[in-house]
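Report on the structure given below.
The values are calculated or read from the model by the stated rules, or taken from the named source; none is laboratory data. It should be emphasised that the depicted structure is a prediction, and the values quoted were computed from it without experimental measurement. Here the Cβ positions follow ideal geometry from the backbone for every residue, glycine too, while neighbour counts run over all protein chains shown.
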Amino acid sequence: MAEKKEAERILSDPPEEKEKRAKKPEKKKKSAMADPRDYEDYKNSIPEDEIWTWQIEGLQAPHVHKEYHNAALKKFIVVIVLLVSIGLAIYFSVRAVHNVTYKYQDMPEGGVMLVKFSNPGDITEVTLDFADGDENRPITALREYAFNCDEKITEVTIGRDVTSLDGKTFYTCNALKAIHVDPDNPAYCDLDGVLFTKDLTELICYPIDHDQYLRDKYGYDRQYWPENAEYDAKYEMLINTYVVPPEVKVVGKLAFNYAELFNVYLPEGLERIETLGFFRNWHLADLRTYTGEVTFEPEGKAKTSKDFTEKPSLPDSLTFIGSDAFNSAICINYLYIPANVQEIGHHAFWGMAENEDDRLVKEIYIARSEEDFKKNVKTGDQWMGQYDHGLFPKNTDVVYGQTRKTLEEIGKAATK
């Protein structure tokens, strides 16, 4: 109460007292600035046209319509600090995502499964034998999509204890050139970098970039195409042609997806081409069925056995063609479905119908009659080739009750 009365007394001082206080030394004014007795006088002493630029002692002067000292430098420093902070945040976020390169799961029967491989960005070769190098934790299984869409891995070595995997393990690994398998592995093997079951009855994975592996092997320094002057029959045989071994009964899921192959020899005795088996083989032109043995020598010449025979398109032994098996294989020059085929999956030949560029498959020839085929062959939705051309989609023509053409007939047709 005493302080209040004192404040009221000071504020009610006559003008001469206020004038006396105003004439006090500046130092005393500084010490009295916060005194309630001086508030009204101090406030009223600020000219109206300077109210927003008046400097209160002890505080920084307002910067209304004024530039800060070294403003450009300070802005530059702030921008640099922000960029560095953002960069570090992104870096550590990425590192946090990749802090576990190999993710494992213990298996009930012993051993571990590789669940996920997260490439930190610099790993190109991987050996899958023991989890974290611990010999007491052998890797026995690889989960599907464990290497999903990896863009860096070029070679994978599968250890002796891995007994469970499939083609989806290496889905869309675009840089993968070769898969090697420990010779002591009881379930799997490789033939020159291509993955098979141990008994060779199933071809599991033809690596997407296997053509680069072959170029390295045969001394080619770059990829050639038919329009290049350097492209010749030798290059095509060694790099763009593959002979599926005669023991193979099954072409596995995604086995040849995105492969850069022009010619594929399939053995008579092949029974199944699984889902996505030849998915998006954009350049696959020549499918052939063979019996006997055929290999290609380093100089590119074909070496065949006495009982070697060949004919165009799919083997008579084939019974199953999976969904999307030849989806977008737009360059196949002759497609024949033999009588033993009992099931064709959905979209098996999707995207193969003729369009303006005249490259796509015009006709599918079928051994069975139309009535027999529709009654006895199970077909999935839109199994035949179709090209979506605006409002007028085109289907590949299907010709029933056909006998297989000969290589000579196909050759003559191609030269017309």
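If you go through region 162-182 and keep only what is buried (at least 21 other Cβ atoms within 10 Å of the Cβ) and either assigned to a loop (DSSP other than H, G, I, E, B) or outside the structural domain of residue 214 (by TED's automatic domain parsing) (or both), you end up with 162, 165, 173, 176, 177. In the set (1) without any contact (Cβ under 8 Å) to a residue 60 or more places away in the chain; (2) hydroxyl-bearing (Ser, Thr, Tyr); (3) under 26 Å from residue 351 (Cα atoms), the condition left unmet by residue 220 is number (3). In a residue-by-residue description of region 233-247, the property of being within 26 Å of residue 155 (Cα to Cα), without any contact (Cβ under 8 Å) to a residue 12 or more places away in the chain and either part of a loop (DSSP other than H, G, I, E, B) or not polar (S, T, N, Q) (or both) applies to no position.
The C-beta contact set for region 383-406 (first residue farther than 15 Å from residue 313 by Cβ, second residue at pLDDT 65 or above and of a type in the set (D, E, K, R), distance under 6 angstrom, 6+ apart or interchain) comprises 387/394; 397/363; 400/370. Taken across region 304-323, residues that are farther than 25 Å from residue 399 by Cβ and touching a Phe, Trp or Tyr at 6+ places or on another chain (Cβ under 9 Å) do occur, with at least one present. Of the strands (runs of 3 or more DSSP E) lying entirely inside region 249-337, those containing at least 1 residues that are aromatic (Phe, Trp, Tyr) and over 23 Å from residue 171 (Cβ atoms) are 263-267, 286-291, 294-296.
Among residues of region 300-344 being of a type in the set (D, E, K, R) and within 35 Å of the chain's Cα centre (by Cα), the one that is farthest from residue 232 (Cα to Cα) is 343. Looking at 133, 111, just one residue is farther than 21 Å from residue 251 by Cα and in contact (Cβ under 8 Å) with a residue 40 or more places away in the chain, and that residue is 111. Of the residues making up region 140-173, those that are within 12 Å of the chain's Cα centre (by Cα) and among the basic types (Lys, Arg) number 1. Looking at region 244-253, can you tell me whether even one residue there is surrounded by fewer than 19 Cβ atoms within 10 Å (Cβ to Cβ), at pLDDT below 90 and touching a strand residue (DSSP E or B) at 6+ places or on another chain (Cβ under 9 Å)? Checking region 244-253: not a single residue is surrounded by fewer than 19 Cβ atoms within 10 Å (Cβ to Cβ), at pLDDT below 90 and touching a strand residue (DSSP E or B) at 6+ places or on another chain (Cβ under 9 Å). Where residues in region 201-220 are among the aromatic types (Phe, Trp, Tyr) and either in contact with a Phe, Trp or Tyr (Cβ under 6 Å, 6 or more places away or on another chain) or in a helix (DSSP H, G or I) (or both), which of them is modelled with the lowest pLDDT? Step by step, filter region 201-220, then rank; the result is 218.
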